């Protein structure tokens, strides 16, 4: 379950979900020297779950 996507869907704007998910990539571009980010699925793009991890390098 994704609270953010639920809110966007209820507001009639589910197409904004992937844009919100893009924040993870933007954030990681600033902290990528010490944090590794991986994500293979997102609810906002039609998957059943969001599989993301932030790990210290």
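Among the residues of the stretch 1-35, those identified as under 18 Å from residue 54 (Cα atoms) and in contact with a helix residue (DSSP H, G or I) (Cβ under 8 Å, 6 or more places away or on another chain) are 2, 20, 21, 35. When residue 53 is tested against (1) in contact with a strand residue (DSSP E or B) (Cβ under 8 Å, 6 or more places away or on another chain); (2) outside any loop (DSSP other than H, G, I, E, B); (3) touching a residue at least 24 places away in the same chain (Cβ under 8 Å), exactly one condition is not met: (3). I'd like the residue in the stretch 1-49 that is part of a loop (DSSP other than H, G, I, E, B), at pLDDT 95 or above and surrounded by 11 or more Cβ atoms within 10 Å (Cβ to Cβ) and, out of all such residues, is farthest from the chain's Cα centre (by Cα). Applying the filter and picking the extreme gives 13.
The values are calculated or read from the model by the stated rules, or taken from the named source; none is laboratory data. Keep in mind it's a predicted model, so treat the numbers as computed, not measured. Cβ atoms come from the backbone with ideal geometry, glycine included; neighbour counts cover every protein chain shown.
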